[in-house]
Structures are given as C-alpha cells and as structure tokens.
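The values are calculated or read from the model by the stated rules, or taken from the named source; none is laboratory data. Remember, it's a predicted structure, so these values are computed and weren't measured experimentally. Cβ placement follows ideal geometry from the backbone for every residue including glycine, while neighbour counts extend to all protein chains displayed.
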Amino acid sequence: MNSRNPGLQINLILIAFVICLMSLFGCDVCFSEDNKKDKRSLRETNPAKNKWIELLKRVPYPYTIPLLSKKTVLDGTYVKKAKKEGEIVPCRRCPDWLPFPGIWKLNLNKGTYRIYHNTTSWRSIGSYIVAGNRIIFANDPCCIHGIGMYTWKLEEEKLLFNVIDDDCAIKLRALNLMEVPWDSCQPPGIEAAMTEQWQKPQGCD
C-alpha cells in the first residue's frame with residue numbers, strides 16, 4: 001500500500017469495515033430463508049408475530065445517509081394485502097421486495113422503516129426522511145446505495161405512495177410500496193383507542 005497516500009488508506013479501511021458489517025448484519029435482515037434461530041421459533045405458537053417483534057428491535061445501518069431519530073406525521077404501522085393471488089412458489093433467490101401474495105406490514109417509527117411479509121418471513125429495514133408531502137427511503141441492506149424518493153398521501157386511514165425515483169431492487173421496492181394503499185393500524189380516534197371498538201384491518205396486531 002502506498003504510504004504516501006493516507007487518504008487512499010483511510011478509504012480502503014472504511015470500505016473493508018463496511019463489508020465486514022454487511023457480512024455480519026446485512027444479510028440477516030434482508031432475506032427470506034430461515035436461519036437456525038428462525039427454525040426454532042417455528043415451533044412457537046405464532047412465529048410470524050415473533051419475527052415481527054424481533055424486526056421492530058433492529059436498527060438500520062447508515063450506509064448512505066445519517067440516521068435521524070425524529071418523530072414524523074407518518075409514524076405508525078400499516079398493512080396491505082398484495083394484489084397478486086394464489087400460492088407462493090418457493091425460490092432460493094427470489095428478488096428482494098418482490099410483492100408476494102398475502103399480508104404485508106410496514107412500520108414507520110422516528111426515521112426507521114421496517115417491512116415484513118407474513119407468509120415468507122421476508123423482511124427488510126432502512127431509514128426514511130419526511131419533508132412536506134415527500135418521503136425519502138435509504139439505508140436498506142437490499143440496496144445499500146439506493147435512495148428512493150416518493151410523494152405520499154394519508155387520507156381516510158390509508159397511506160399512498162407515488163414514486164418519483166427509486167431503482168432499489170430493480171425497482172421492486174417502488175412496485176411493492178405503490179401496489180395498493182396501506183391501511184393504518186392506528187385507531188381513528190381517542191374513543192376507539194380507549195375502547196378498541198373499531199374494525200382493525202387484517203394483519204394489524
């Protein structure tokens with residue numbers, strides 16, 4: 001290594017450090033095949049719920065932009081039922097963010113997003129920034145350099161996204177997020193929250 005170029009040395013060290021982190025943590029989040037720990041959880045009563053709870057404890061790595069732990073107007077959990085019907089064909093190398101049939105859950109919480117598919121256990125995590133009617137998604141281990149920009153609209157307890165630019169996972173992140181509106185799991189009012197007398201969308205815990 002050229003000792004006369006300290007900047008190059010620092011860059012190489014940083015790259016090696018990021019690769020090590022990806023090998024330790026990145027693939028553990030963005031995948032659909034169960035590891036040994038997940039297989040043990042299958043014996044439990046509700047493995048899907050347990051995996052969702054585990055995902056909620058994770059924190060994204062700032063691959064591209066810094067993490068901002070700041071409350072936003074979109075914070076909460078949302079669910080959707082994918083348009084596609086029928087059985088899921090098993091595959092070892094399915095593309096990330098592929099909108100499989102079934103229930104999907106999306107949690108937005110102080111700048112961190114978490115997404116989970118109940119049937120396949122595919123999940124991912126990343127960060128987001130809300131500015132006006134726009135939202136940016138980044139730091140996803142499925143596409144560590146991918147930054148997606150969208151507009152959003154929240155009306156009648158439904159969250160809708162419209163992509164401006166997002167190439168993450170051969171544009172499948174955009175397809176998944178925009179496929180159908182996301183139903184809010186937040187109670188529509190104080191009375192509903194206190195009494196729980198409201199119809200929760202399918203998939204809300």
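Tabulated values for the structure
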item	result
Condition check for GLY126: surrounded by 19 or more Cβ atoms within 10 Å (Cβ to Cβ), in a loop (DSSP other than H, G, I, E, B) and not aromatic (Phe, Trp, Tyr)	no
Filter result for ARG40 (modelled with pLDDT under 95, of a type in the set (Lys, Arg) and assigned to a loop (DSSP other than H, G, I, E, B))	no
Criterion (among the small types (Gly, Ala, Ser) and modelled with pLDDT under 95) met by exactly one of GLY111, GLY102	GLY102
VAL73 hydrophobic (A, V, I, L, M, F, W, C), surrounded by fewer than 17 Cβ atoms within 10 Å (Cβ to Cβ) and modelled with pLDDT of 95 or more	yes
Scope segment 85-99; condition modelled with pLDDT of 90 or more, out of contact with any Cys (no Cβ under 6 Å at 6 or more places or on another chain) and at negative phi; matching residues	PRO95, LEU98, PRO99
Which listed residue is small (Gly, Ala, Ser), within 24 Å of GLU156 (Cα to Cα) and either touching a residue at least 40 places away in the same chain (Cβ under 8 Å) or touching a Gly at 6+ places or on another chain (Cβ under 8 Å) (or both), from GLY126, GLY111, GLY132, GLY102	GLY111
